Amino acid sequence: MDIWEKLYETAKEYYHPEDISPFIYAYNVVCALEAENGEIFAGFCIESCSGVMNLCAERVAAVNMLTNSNQTVVKRLIAFRNKPPYSGSSGMPCGACREFFMQLSEKNADMEIMVNYETRETITLKELTPLWWGQERYERETKV
């Protein structure tokens, strides 16, 4: 079993879309990520009737990682609905998640994101977020 299959199987356990309350729908998008030390953390989407309160599966997995291991660097990430990513944008993190990962650690620019599970095609976060606005701040901080 390769790392992508481990990530897929971990995330798949959380896929069971359901209403949590009359206001919240969850588990319809799932994610698993591999932290820098090799640990795997999972998350699931939580959608509220108030959009600003929504939490994407990717950010929930990242907060799970931070809470349980104090790590901020992600090596690999897979996210999907009812089937693994199959090409195009089917498994891509939204803009808010991309921004969150970039701000969490500059090393996350090298994070691999699954594009096509069957062919094992991946893309890096820096390819999805070219000319990121915060890079200058990271560079200033390392010069101090």
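The values are calculated or read from the model by the stated rules, or taken from the named source; none is laboratory data. Since the model is a prediction, treat every value here as computed from it, not as a measurement. Here the Cβ positions follow ideal geometry from the backbone for every residue, glycine too, while neighbour counts run over all protein chains shown. These accessible areas exclude ligands, DNA and RNA; they are computed on the full protein's heavy atoms, side chains included. Shrake-Rupley method; radii C 1.70, N 1.55, O 1.52, S 1.80 Å.
Annotations for the structure displayed:
- The residues listed here are E118, E99, E127, E106; of these, the one that is free of Cβ contacts under 8 Å to residues at least 40 places away in the same chain, under 16 Å from E36 (Cβ atoms) and open to solvent by 10 Å² or more (accessible area, probe 1.4 Å) is E106.
- Of note, R76 satisfies the criterion of being among the charged types (D, E, K, R) and touching a residue at least 60 places away in the same chain (Cβ under 8 Å).
- Meets criteria (modelled with pLDDT under 95 and under 25 Å from T129 (Cα atoms)) for V52: yes
- Filter result (open to solvent by 40 Å² or more (accessible area, probe 1.4 Å) and either touching a Lys or Arg at 6+ places or on another chain (Cβ under 9 Å) or more than 12 Å from R81 (Cα to Cα) (or both)) within segment 22-41: P22, F23, I24, Y25, E36, N37, E39, I40
- Selection over segment 56-72 of residues that are among the hydrophobic types (A, V, I, L, M, F, W, C) and surrounded by fewer than 17 Cβ atoms within 10 Å (Cβ to Cβ) gives a count of 2.
- In the set (1) at pLDDT 95 or above; (2) out of contact with any strand residue (DSSP E or B) (no Cβ under 8 Å at 6 or more places or on another chain), the condition left unmet by M1 is number (1).
- Selection count where residues are without any contact (Cβ under 8 Å) to a residue 40 or more places away in the chain, of a type in the set (S, T, Y) and under 20 Å from C97 (Cα atoms), scope segment 15-58: 4
- Within segment 130-140, one or more residues are open to solvent by 40 Å² or more (accessible area, probe 1.4 Å), closer than 30 Å to M53 by Cβ and touching a helix residue (DSSP H, G or I) at 6+ places or on another chain (Cβ under 6 Å).
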